[in-house]
Amino acid sequence: MVERSLRVKVAGLRLENPLLLASGIVGVTVDSLTRAIESGAGGAVSKSIGLEPREGYRNPTLVATDSGLVNAVGLSNPGARVFSEELAAVKGRRLPIVVSIFGGGPAEFGRVVEMLDGNEFLAYELNLSCPHVEGVGTEIGHDPEVAASVVRSVRSRTKKPVFAKLSANTHRMVDVAKAAVDSGADGLTAINTMRAMTIEVETRRPTLSHKFGGLSGTSIRPIAIARIYELYQAFKVPIIGCGGVSTWEHAVEMLLAGASSVEVGTALYNGYGVFSDINQGITNYMVRKRFKKVQEMVGLGHKF
């Protein structure tokens with residue numbers, strides 16, 4: 001019998017399978033990241049960590065719709081110093097953790113890295129694309145020059161792999177990606193949530209306290225597929241796909257579009273078993289299609 005391997009290598013990240021917990025769902029503590037890994041994720045991305053503690057927006061911060069979830073949590077996090085202490089507490093366990101970070105500009109991103117970098121984790125994911133937080137989100141991810149400065153600031157302070165997480169809320173996404181890659185990013189993550197809102201018809205008020213939020217879930221997956229496809233055509237660096245993955249078919253679709261690994265986020269609301277379910281589905285698909293390694297599937301959608 002031919003052995004099938006789910007192991008992947010993504011810009012130096014060696015993962016037991018191609019699935020990562022996406023940033024923003026859980027992951028504000030190392031314990032929550034560990035739970036995802038123990039449930040079958042090949043790795044886990046933390047919630048975005050900033051320089052100082054941040055409470056985020058007041059409730060309501062999340063609303064379910066017939067097209068997915070809209071959230072505006074406001075990048076709540078314990079701050080780099082506290083999260084660094086959490087990481088230090090698990091030193092030696094070699095957990096496949098990626099730390100998502102954000103800041104108000106290149107200098108602030110750099111200071112966050114300086115506080116975190118001495119700990120054991122795999123890589124950084126730079127949040128250049130939050131659609132609902134002024135000063136640290138789309139203002140950075142929509143401007144190639146600013147994105148380039150952020151990547152250079154981070155790159156100069158770490159030897160760990162750096163992934164730039166991109167926004168699909170701009171027509172300049174490929175320009176931002178080029179700026180990030182040219183400035184030293186080892187890979188790209190696509191995509192973040194899409195800017196969205198809902199209004200409660202009885203009260204006639206916007207549902208979320210912040211009014212605008214980010215749409216996640218299966219409705220944004222076709223957008224993510226298109227963006228991944230574009231990025232794969234334009235760049236040689238690995239891509240982590242993100243946006244609306246809840247089944248093995250969704251994950252394979254992203255691989256075929258050009259992603260080397262896939263993040264799972266909103267689907268986690270159905271339980272942590274989603275990781276093992278998707279991995280089993282990918283394995284069965286590889287057997288049927290006679291693939292030995294996940295890498296053999298990456299980008300095959302471009303051959304037609």
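The values are calculated or read from the model by the stated rules, or taken from the named source; none is laboratory data. Note that the coordinates shown come from a computational prediction; the quantities given were computed from them, not determined experimentally. Here Cβ is always computed from backbone atoms with ideal geometry, including for glycine, and neighbour counts include all displayed protein chains.
Per-residue answers, yes or no, for (1) farther than 19 Å from Ser39 by Cα; (2) out of contact with any His (no Cβ under 8 Å at 6 or more places or on another chain); (3) of a type in the set (Phe, Trp, Tyr):
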residue: Ala226; (1), (2), (3): yes, yes, no
residue: Gln233; (1), (2), (3): yes, no, no
residue: Pro238; (1), (2), (3): yes, yes, no
residue: Trp248; (1), (2), (3): no, yes, yes
residue: Ala251; (1), (2), (3): no, yes, no
residue: Met254; (1), (2), (3): yes, yes, no
residue: Val274; (1), (2), (3): no, yes, no
residue: Gly281; (1), (2), (3): no, yes, no
residue: Tyr285; (1), (2), (3): yes, yes, yes
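Give the range 3-36 a look and list any residue that's small (Gly, Ala, Ser) and not in a loop (DSSP other than H, G, I, E, B), or say none. Show your work before the answer.
Going through the range 3-36, the residues small (Gly, Ala, Ser) turn out to be 5, 11-12, 22-24, 27, 32, 36.
Within the range 3-36, Ser5, Ser32, Ala36 meet the criteria.
Of the helices (runs of 4 or more DSSP H) lying entirely inside the range 74-154, those containing at least 1 residues that are more than 19 Å from the chain's Cα centre (by Cα) and surrounded by fewer than 18 Cβ atoms within 10 Å (Cβ to Cβ) span 80-89, 106-116.
The C-beta contact set for the range 152-176 (first residue of a type in the set (Phe, Trp, Tyr), second residue not in a loop (DSSP other than H, G, I, E, B), distance under 6 angstrom, 6+ apart or interchain) comprises Phe163/Glu125; Phe163/Gly187; Phe163/Thr189. Would it be correct to say that Met286 is modelled with pLDDT of 95 or more and within 30 Å of Asn59 (Cα to Cα)? Answer is no for this residue.
Residues considered: Ile97, Ile140. Of these, the only one that is within 13 Å of Lys47 (Cα to Cα) and either modelled with pLDDT under 95 or touching a helix residue (DSSP H, G or I) at 6+ places or on another chain (Cβ under 6 Å) (or both) is Ile97.
Looking for whichever is in contact with a helix residue (DSSP H, G or I) (Cβ under 9 Å, 6 or more places away or on another chain), part of a helix (DSSP H, G or I) and under 30 Å from Arg157 (Cβ atoms) here; the options are Leu255, Leu188, Leu231. Which one fits? Even if it seems obvious, please write down each step before you answer.
Working: Leu255 fails: under 30 Å from Arg157 (Cβ atoms); Leu188 fails: part of a helix (DSSP H, G or I).
Checking each option against the conditions leaves just Leu231.
When Val28 is tested against (1) in contact with a Lys or Arg (Cβ under 6 Å, 6 or more places away or on another chain); (2) surrounded by 24 or more Cβ atoms within 10 Å (Cβ to Cβ); (3) among the aliphatic types (A, V, I, L, M), only condition (2) is not met. A single member of Ala89, Ala80, Ala123 is within 21 Å of Thr29 (Cα to Cα) and at pLDDT below 95, and it is Ala89. Here the condition is being surrounded by fewer than 23 Cβ atoms within 10 Å (Cβ to Cβ), within 23 Å of Met173 (Cβ to Cβ) and touching a Ser or Thr at 6+ places or on another chain (Cβ under 8 Å); of Thr193, Thr198, Thr207, Thr218, it holds for Thr218 alone.
Would you point out which residue out of Ser149, Ser100, Ser129 is among the small types (Gly, Ala, Ser), touching a Pro at 6+ places or on another chain (Cβ under 8 Å) and closer than 27 Å to Val10 by Cα?
Values: Ser100 fails: touching a Pro at 6+ places or on another chain (Cβ under 8 Å); Ser129 fails: touching a Pro at 6+ places or on another chain (Cβ under 8 Å).
The conditions single out Ser149.
Checking Val63 against (1) among the hydrophobic types (A, V, I, L, M, F, W, C); (2) under 17 Å from the mean Cα position of the chain (by Cα); (3) assigned to a strand (DSSP E or B): exactly one of these is not met. Which one? Result: Val63 fails condition (2) only.
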